[in-house]
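Asks: Below is a structure I'd like to ask you about.
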Amino acid sequence: MIFRKDHLTLGLVLPAPSQIEADFDFETQIALAARADNAGFAALWVRDVPLNSSNYPDPIGHSDPWVLLGALAAITTSIQLATGAIVLPLRHPLHVAKSALSVQALSRGRFTLGLGSGDRPMEYEVFGEDIEQRKTLYRKNWERVAAVLGDAKAVVDASGEPRQDFEIRPRPAIPAPMLSVGSSSQSLEWIARHSIGWMTYYRNLDVQKDRIALWQAAIGKTTAAFRGLGQSMALELTEGARLRPEPINLGMKTGRYGLIDAIQAMKQMGVHHLAPNISTASRPPIDVIEEIASEVIPVL
């Protein structure tokens, strides 16, 4: 499980290239994923970046998420697989549901479907959608995906009517859980009501503490069920183990002792999962993964 009550698990965001402008290298990323699986990481996170642009802050060449997830499901055995996140308003919900069922079946129940609304106006323009409608689009598409993945197993058409003449297979034994990533243009109460948890972005600890309090309040208003909280984090893990944390965009530069301290502080605040993105690191990604595996995960 990605989220466990009173625990903090550690994931890894793919791709993890040595250079920020590198194109996607399947052989390298698959090797990193296999090592993370064997090293005890809890989850591999795959992003949905359909288009690249020099205007984006991270011009990494990304694979199609479903193609990569299929490969990861086939070559890993225990690590959870998750999307962080499929841009739901720009994809047809029935295609998303079909893909989620397929990955869940192939991975034998190790998949979590993370869904976001996207925040890049240029992409909405290219795909012919109005970004001002993303809140409504996200909710409508979420409902149609949830109908297929849930107990009803219902194919719902564009008008909202169930269609008894269709079904979507395969039907894995374990349903794929649905997770809201980012705000998704929704209220925290909506997320707490519909999602298994909330995957949010990195903020410094003082700011994140306030966001966590708002999240916990939203849970208290809507459900008695456990709802997890996770966050991504850009990580530049230095060779100097005792270098104290320094802020970088959406994360920190630190030695491993600073990372361990930060993780422990996050756990105390109520974070259940941390997904480092080491694509900005100056060291080879495999070196960072090995250090986390040998020196950080055992402490957790």
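Asks: Would you calculate a helix-derived [θ] at 222 nm for the chain, using -39,500 (n - 2.57) for each DSSP H run of n ≥ 4 and dividing by the full residue count, to the nearest 500?
Replies: The helix contribution divided over the chain gives -11000 deg cm²/dmol.
Asks: Rounded, prolate or oblate: pick one for the stretch 127-210, where a ≥ b ≥ c are the square roots of the eigenvalues of its C-alpha gyration tensor, a/c under 1.5 means rounded, and failing that, prolate if a/b is larger than b/c, else oblate.
Replies: oblate
Asks: Sort 151-163, 205-217, 182-194 by packing, meaning the average of other beta carbons within 10 Å per residue, with the highest value first.
Replies: On the way: 151-163: 12.1, 205-217: 14.2, 182-194: 19.3.
Packing proxy ranking, top to bottom: 182-194, 205-217, 151-163.
Asks: If you don't mind, another one. What's the angle, to the nearest 10 degrees (0 to 90), between helix 65-75's Cα axis and the longest principal axis of the chain?
Replies: Roughly 70 degrees, rounded to the nearest 10.
Asks: Another one. Could you tell me how many cubic angstrom of Cα convex hull volume the stretch 249-300 has per residue?
Replies: Hull volume over Cα atoms, normalised by residue count, gives 84 Å³.
Asks: With contacts defined as alpha carbon pairs under 8 Å and 6 or more residues apart, what's the relative contact order of the chain in percent?
Replies: 22 percent
Asks: What span do the alpha-carbon atoms of the chain cover on each of the three principal axes, reported in whole Å from largest to smallest?
Replies: Each principal axis gives a Cα extent; for the chain these are 61, 43, 39 Å.
Asks: Please work out the Cα center distance from the stretch 102-119 to the stretch 164-224, rounded to the nearest Å.
Replies: 14 Å
Asks: Here is a follow-up. Roughly what angle does helix 93-106 make with the longest principal axis of the chain, taking Cα atoms, 0 to 90 degrees, to the nearest 10?
Replies: Roughly 60 degrees between the two axes.
Asks: Moving to a separate point now. What whole number of Å gives the distance from the Cα centroid of the stretch 230-281 to the Cα centroid of the stretch 1-48?
Replies: First find each Cα centre; the distance between them is then 15 Å.
Asks: Across the Cα atoms of the stretch 182-280, what radius of gyration and what greatest pairwise Cα-Cα distance (Dmax) are found, in Å?
Replies: Cα only, the stretch 182-280: 14.5, 45 Å (Rg, Dmax).
Asks: On C-alpha positions alone, give me the angle between the axis of helix 256-269 and the longest principal axis of the chain, in degrees, nearest 10.
Replies: 40 degrees
Each value in this text was obtained by applying a stated rule to the coordinates, not by laboratory testing. All figures in this text were calculated on a predicted structure; none of them were measured in a lab. Virtual Cβ from ideal backbone geometry, glycine too; neighbours counted across all protein chains shown.
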